[in-house]
Amino acid sequence: MQNTKSFSAMTRILLLTIITMTFNTLLFAANPHKATDPIAYLDLSYMWNYSPDNPKQVNEMWDILHSVATLQGIVNRNAPHIYINYVKNEFMEVDRYWWDLYRQKGKWLNRRDTVYYTDIVKLTEDYKEKIRGAVVYDTNVASTSCVASAVAGIEDLIAIRYDTSEGSLYHRLIMNGPKLEVKVWLVNHDGTSMFTGQGQIPQTDRPSTGSIKNDPYIWFISNYMKRNRCSGEYGAYYLDQYWKQSPQSAPMNAHCLTNHDFFVSHRAFFFDLSPWADESATDEKAQPVGSDFSTLTEMLNEAYRINRGKKICHIGGFPAWAYKYTRHAGGSHEDVATEWEFSRIISAYNTFKDADAIGYGALANASFWQHYPTAKQYPQKWITDEELQHRGYLDDKGHVRIEGRKFIIFYVGDYDSSAWITSVLPHLWKDPERGKLPLMWCISPVLERRAPMVMDYIRRTASPNDYFAAADNGAGYLMPGMLQAPRELSGLPDGLEAWAKHCRPYYKKWGLTITGFVIDGQAPGLTDKGLECYASFSPNGIVPQKTPRTRLFGNMPILRAGSDLVQTPEQNADFIVQDMQHSPIPFGWYRDILKSPSWHKQMMNKIAETDPSIELLDAPTFFELYRRWLREHPEAANGRIE
């Protein structure tokens with residue numbers, strides 16, 4: 001009997017142990033980051049008070065943010081380990097906002113332990129085993145900083161500027177402290193420049209381009225791109241060290257060093273080059289005309305080759321118009337023209353941009369947030385015939401009931417940048433008037449790569465009046481006309497199928513069937529083959545610039561883009577009333593940028609007072625009625641109304 005009792009007790013203990021182990025296994029599966037695997041939180045908010053007029057602070061900011069971004073990219077590549085607090089704007093403390101939101105009970109980061117840091121040296125020492133050493137670049141050759149970021153991601157190195165002065169980051173990390181081994185030098189060991197713009201480019205069989213700026217990029221192309229050692233799917237277009245010459249030209253965080261981490265994690269190529277072939281770059285006026293353009297197209301062509309033309313390359317960044325390549329900086333071209341020229345060029349090589357434009361272009365921690373678990377799908381409901389009839393938009397025979405009414409829709413954007421949706425959209429999303437008007441929020445679905453936590457958050461908190469469409473020009477900002485053969489600039493084969501293949505899964509996942517705006521810019525308009533491409537993933541409508549005012553392509557409604565709303569709500573209201581009164585069709589599309597629901601409400605109140613026949617519709621109702629109206633008006637469906 002004694003043995004039986006002892007055996008029963010042992011059995012109970014064994015069963016309890018098995019149950020506990022099973023529970024812990026399930027718990028770990030739900031939250032794979034153990035409590036013993038803490039997040040490193042580096043608080044860099046002290047830099048908010050740094051002055052652009054203080055060279056020492058400017059250098060310190062550059063060095064620390066560059067090194068930590070490359071460290072983040074490597075350490076966060078496979079799991080979220082390092083988080084920084086740095087980005088701030090007039091609306092919010094961006095990094096703290098998202099951290100606090102997802103630390104709440106039941107949220108993704110709630111159970112994660114955290115170790116707080118204020119010193120990059122200590123952080124580097126603690127994660128030294130995750131990196132192989134350092135890549136050191138040249139203070140006197142600005143472009144080596146971009147090349148260093150690319151090499152860092154490929155070789156698992158952190159980027160450090162050569163500076164042996166007491167207290168410099170080089171002094172603290174290379175000469176002292178963890179004494180990181182320098183694996184790649186982009187400057188001679190004695191600090192003299194390795195790239196001189198003369199003779200042979202070091203470690204290559206290429207002669208100098210005659211441009212000190214461009215030679216480091218040719219070195220990178222020769223040693224990494226041509227050897228298939230970097231990604232062809234990711235590129236990064238951010239400022240090089242030239243930023244330090246005029247840090248006051250835009251908000252201090254417009255250096256966008258914090259944006260590097262995601263692209264480092266994906267072993268991207270980095271560059272800061274002018275898109276203009278007809279002039280020397282404004283940051284190196286002594287270079288041969290078109291040197292930057294030549295190097296840019298060579299890099300894009302290599303990325304295309306690495307991808308074998310089957311994939312679309314994702315470039316983060318935007319022309320830094322306040323610093324370079326425009327009339328702002330001593331060039332001959334306007335800001336928007338420079339944006340469009342860059343877009344035109346990259347599109348010719350199957351590449352889109354994630355448009356981190358100046359103003360709100362800074363984004364930190366994307367290498368961390370890329371691991372945020374999104375849902376498998378985010379469906380959106382389309383309107384039915386019964387609902388249209390019930391709301392009085394169709395008669396009993398299914399015909400559109402106009403009867404003097406005019407219908408409008410707002411393209412609420414421009415959300416074609418991961419940085420913009422992370423740092424501005426939360427402020428607008430919390431507006432008390434959101435949900436009181438039907439608004440078509442136009443957000444590029446590919447932003448889920450760098451800001452999945454934002455995409456998930458707005459979908460989970462959307463009201464019935466918040467509907468989502470794709471921003472320009474689908475799953476990324478490119479000019480689709482440049483995908484169409486013959487491709488004058490690149491001479492490459494037609495890229496439309498690669499674009500459709502890229503866009504389809506994003507549209508499906510995020511429940512998108514409308515492309516709210518297609519920027520044609522200086523590219524050709526969409527041909528029938530281009531329209532077939534869009535119809536395959538955006539069947540409920542597109543809004544291009546270069547198209548007849550109205551058209552029905554198969555079953556896909558096409559409406560030419562209308563006007564941008566750039567004045568006060570009251571002035572815009574007056575403009576819309578006049579515009580719709582003179583329009584030959586009862587449908588109007590209007591675009592606004594970074595505007596709140598309250599702003600839209602104020603505008604609609606004025607419109608209602610002035611012309612009650614104008615109705616603001618939700619996106620499914622607008623595009624479904626427009627499609628039916630086109631069917632009923634063959635001249636409009638065939639593009640014969642102007």
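The values are calculated or read from the model by the stated rules, or taken from the named source; none is laboratory data. Quantities reported herein were computed from a predicted structural model and do not represent experimental measurements. Heads up, the Cβs are rebuilt from the backbone with ideal geometry, glycines too, and the neighbour counts pull from every protein chain shown. The accessibility values were calculated without ligands, DNA or RNA, using every heavy atom of the protein model including side chains. Shrake-Rupley method; radii C 1.70, N 1.55, O 1.52, S 1.80 Å.
The set of residues in region 510-556 being under 16 Å from Glu624 (Cβ atoms), of a type in the set (Val, Ile, Thr) and open to solvent by 20 Å² or more (accessible area, probe 1.4 Å) consists of Thr513 alone.
Taking residues in region 508-525 that are part of a loop (DSSP other than H, G, I, E, B), and partners anywhere that are of a type in the set (D, E, K, R), the pairs with Cβ atoms closer than 6 Å and at least 6 places apart or on different chains are Ile519/Asp472; Asp520/Lys546; Gln522/Arg344; Ala523/Arg344; Gly525/Lys546.
So, in region 165-198, how many residues would count as being in a loop (DSSP other than H, G, I, E, B) and either open to solvent by 60 Å² or more (accessible area, probe 1.4 Å) or of a type in the set (D, E, K, R) (or both)? If you could, list the steps in order and put the result at the bottom.
Looking only at region 165-198, we keep the residues that are in a loop (DSSP other than H, G, I, E, B), and these are 165-168, 176-181, 186-198.
Adding the requirement that they be either open to solvent by 60 Å² or more (accessible area, probe 1.4 Å) or of a type in the set (D, E, K, R) (or both) leaves 166, 176, 179, 181, 189-190, 192, 196, 198.
Count: 9.
Here's the yes/no breakdown for (1) touching a helix residue (DSSP H, G or I) at 6+ places or on another chain (Cβ under 8 Å); (2) among the basic types (Lys, Arg); (3) touching a residue at least 60 places away in the same chain (Cβ under 8 Å):
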site: Pro548; (1), (2), (3): no, no, yes
site: Asn555; (1), (2), (3): yes, no, yes
site: Asp579; (1), (2), (3): no, no, no
site: Ser596; (1), (2), (3): yes, no, yes
site: Asp618; (1), (2), (3): no, no, yes
site: Glu624; (1), (2), (3): yes, no, yes
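Would you say Val94 is modelled with pLDDT of 95 or more, closer than 26 Å to Ala142 by Cα and in contact with a helix residue (DSSP H, G or I) (Cβ under 8 Å, 6 or more places away or on another chain)? Before the answer, list the steps.
On the way: modelled with pLDDT of 95 or more: yes; closer than 26 Å to Ala142 by Cα: no; in contact with a helix residue (DSSP H, G or I) (Cβ under 8 Å, 6 or more places away or on another chain): yes.
It is false that Val94 is modelled with pLDDT of 95 or more, closer than 26 Å to Ala142 by Cα and in contact with a helix residue (DSSP H, G or I) (Cβ under 8 Å, 6 or more places away or on another chain).
When the criteria are applied in full, Asp414 fails the requirement of being free of Cβ contacts under 8 Å to residues at least 24 places away in the same chain and either open to solvent by less than 10 Å² (accessible area, probe 1.4 Å) or more than 11 Å from the chain's Cα centre (by Cα) (or both). Number of residues in region 418-443 that are touching a residue at least 24 places away in the same chain (Cβ under 8 Å) and within 23 Å of Lys88 (Cα to Cα) equals 15. Within region 160-186, residues that are over 13 Å from Glu60 (Cα atoms) sit with their Cβ atoms under 6 Å from residues that are of a type in the set (Phe, Trp, Tyr) and surrounded by 19 or more Cβ atoms within 10 Å (Cβ to Cβ), at 6+ positions apart or across chains, in these pairs: Leu186/Tyr137. On the basis of being within 22 Å of Asp431 (Cβ to Cβ), small (Gly, Ala, Ser) and open to solvent by less than 60 Å² (accessible area, probe 1.4 Å), does Ala561 make the cut? Judged against the criteria, Ala561 is not a match.
Conditions (1) out of contact with any Lys or Arg (no Cβ under 6 Å at 6 or more places or on another chain); (2) over 21 Å from Phe318 (Cα atoms), marked per residue:
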{"residue": "Val400", "(1), (2)": "no, yes"}
{"residue": "Ile409", "(1), (2)": "yes, yes"}
{"residue": "Asp414", "(1), (2)": "yes, no"}
{"residue": "Tyr457", "(1), (2)": "yes, yes"}
{"residue": "Leu483", "(1), (2)": "yes, no"}
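Within region 243-278, track down each residue that is hydroxyl-bearing (Ser, Thr, Tyr) and crowded, with 22+ Cβ neighbours inside 10 Å.
Of region 243-278, the ones hydroxyl-bearing (Ser, Thr, Tyr) are 246, 249, 258, 265, 274.
Residues satisfying the conditions are Thr258, Ser265, Ser274.
Residues of region 138-164 that are in contact with a Ser or Thr (Cβ under 8 Å, 6 or more places away or on another chain), part of a helix (DSSP H, G or I) and either hydroxyl-bearing (Ser, Thr, Tyr) or at pLDDT below 95 (or both): Ser149 alone. Asn228 satisfies every condition listed in (1) closer than 25 Å to His255 by Cβ; (2) touching a residue at least 60 places away in the same chain (Cβ under 8 Å); (3) in a loop (DSSP other than H, G, I, E, B) except (1). You will find that of Gly476, Gly491, Gly435, the residue that is at positive phi and under 13 Å from the mean Cα position of the chain (by Cα) is Gly476 and no other.
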